[in-house]
Amino acid sequence: MSQRSRITNKSIDWITLTVFFSLLIIGWLMLYASVYDSKVPHAYLSFDSTIGKQTVWVVIALVSFVLVYAIDWQFWNTFAFPIYGAAIFLLILVLLIGTEIKGARSWFSFGGVSFQPSEIAKFATALAVSGFLSSYKSDIRTRNSMLISFGLIALPMSFILLQSDAGSALIFLSFFVLFYRRGLTPLMYILGFSIAAIFIGSLVFEPQVVVLAVALVGLGTLIYNIGETWRSAIIFFFISSISVLLYLRDLYWIGMSVVVVAIIGYTFLMFQEREFRTLTLVLPTILLSSILAFGSTLAFENLLEPHQQDRINVWLRPEKSDPRGARYNIIQSKLAIGSGGVQGKGFLKGEMTNLNYVPEQTTDFIFSTVGEEQGFIGSFGVIFLFTLLIVRIVIIAERAKNVFIQNYAYCVAGIFFLHFFINIGMALGIMPVIGIPLPFLSKGGSALLGFTIMIAVLLRMDVARFRSS
């Protein structure tokens with residue numbers, strides 16, 4: 001057997017390819033089930049039907065897979081920035097001449113076919129970020145490289161936000177998976193998660209509660225850095241207990257005053273001990289967190305549109321949302337998933353699916369079809385396939401001998417993970433409903449094409465590990 005023949009047999013990652021085709025088939029079957037009409041069992045042969053259009057897109061995606069896989073991987077490295085520039089141009093163009101669908105001007109429509117450029121922008125941005133960070137002059141740990149990298153994802157995000165498509169814009173945060181792998185300081189992630197936690201906490205509880213909690217954490221840090229461990233624990237427990245008991249008795253400001261006095265006292269002691277480093281970390285953190293806690297509530301009430309407030313309320317404060325309005329979709333989705341039990345009701349036998357009880361079931365809530373008809377076993381199977389796909393992508397990244405390929409693989413892993421996690425979380429009611437499709441399962445030709453191209457390029461890049469060995 002020749003060397004070229006041996007390479008051909010080994011080139012394709014068959015596990016990743018098999019998972020890709022499995023999800024593609026499952027997606028088509030679940031979409032067929034979600035729009036099934038016993039009076040028109042062969043609707044997939046009609047290009048006017050939802051399943052018929054999706055069938056065409058599946059064919060287009062498969063043809064695109066073959067064509068893209070045939071292109072040498074170095075093409076994507078060479079033309080990463082021109083492709084990125086073309087994607088940005090399309091994002092600008094759609095703002096000018098695009099069609100508005102469901103409140104978002106993010107679609108090109110022609111001849112009954114709609115195309116969403118933001119899906120291609122994810123792929124293009126993955127190429128651009130990967131190309132930049134593979135340059136010998138770039139290092140994410142330096143200020144200039146970090147700012148340029150952030151700018152590469154902020155630019156498409158900005159144009160997509162102008163289209164009123166916050167869900168698609170959110171996906172671009174997935175590139176921070178690559179940034180972490182390339183060495184971005186963990187402090188950036190701690191800061192990001194802290195801001196998110198304060199925002200969520202301010203809405204779930206009250207700003208005052210968040211401020212009290214942050215102040216207690218800050219006080220605990222000061223006490224720990226100035227005294228013996230056991231004595232510090234006793235003092236902190238005593239002060240915390242008093243402040244919490246006062247809060248529970250509706251004496252919040254008295255309890256907060258106790259904590260503030262303690263912080264002032266320990267700040268004075270730390271000045272005497274010349275522990276300036278701890279003070280410069282703790283005190284500004286308490287102040288900024290307090291401002292952010294109250295600012296989050298003000299921003300939520302005054303800056304967000306009513307429909308955006310509804311989405312967050314459904315997620316964090318369901319008691320404040322209308323069960324027949326904004327919360328209706330999630331309630332129906334959870335009922336459909338729960339009704340499937342362990343084994344499910346069987347393919348095409350889901351009553352809630354057949355009777356269209358779950359709105360947006362072909363897109364945002366396609367997972368509810370899986371849950372109702374295939375039950376826990378089928379739902380677990382889909383989750384397992386997505387998990388396996390992401391793990392295989394990470395394996396491809398780690399075995400790559402080329403930095404550009406490794407960067408691109410981590411970009412793809414981040415994109416798939418965020419889509420998978422948020423969409424299934426939406427269907428289960430643990431994430432806000434922000435219009436994130438489930439890869440290969442949700443209806444939509446643009447998303448299907450974009451995800452397919454990502455996988456095709458990745459598998460082609462993976463071939464390079466054999467040809468460089």
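The values are calculated or read from the model by the stated rules, or taken from the named source; none is laboratory data. Worth saying up front: this structure is predicted, and the values here are computed from it rather than measured. Note that each Cβ is placed from the backbone with ideal geometry, even for glycine, and that neighbours are counted across all protein chains shown. Areas reflect the complete protein model, heavy atoms only, side chains present, ligands, DNA and RNA absent. Shrake-Rupley method; radii C 1.70, N 1.55, O 1.52, S 1.80 Å.
Its residue count N sets the reference 2.2 N^0.38 Å, and the alpha-carbon radius of gyration of region 333-442 equals 1.20 times that reference.
Centre-to-centre, using Cα atoms only, region 282-305 and region 78-144 are separated by 32 Å.
Annotation: peptides 375-385, 275-285, ranked by per-residue average of other Cβ atoms within 10 Å with the highest first, follow the order 375-385, 275-285.
The relative contact order of the chain, computed from alpha carbon pairs under 8 Å that lie at least 6 residues apart in sequence, is 24 percent. Surface calculation, 1.4 Å probe, protein heavy atoms: Tyr224 sits at approximately 140 Å² accessible. Per residue, the chain exposes 50 Å² of accessible surface when a 1.4 Å probe is rolled over the protein heavy atoms with every protein chain present. If the reach is capped at under 15 angstrom between alpha carbons, list the aspartates and glutamates near Lys443, excluding any in the same chain fewer than eight residues apart. Partners found: Asp48, Glu119, Glu360, Asp364. When each of the peptides 53-60, 138-145 is scored by how many other beta carbons lie within 10 Å of its residues on average, the order from highest to lowest is 53-60, 138-145. For the pair region 390-454 and region 24-72, the centres of their Cα atoms are 20 angstrom apart. If you take the Cα centroid of region 151-220 and the Cα centroid of region 320-346, the two points sit 29 Å apart. Net charge dipole, the chain: roughly 1320 debye, given to the nearest 20, about the Cα centre with Cβ charges of +1 for Lys and Arg and -1 for Asp and Glu.
Expressed as a whole percentage, what fraction of the accessible surface of the chain belongs to carbon and sulfur atoms when a 1.4 Å probe is rolled over the protein heavy atoms?
Details: 15790 of 23400 Å².
Exposed carbon and sulfur together represent 67 percent of the surface.
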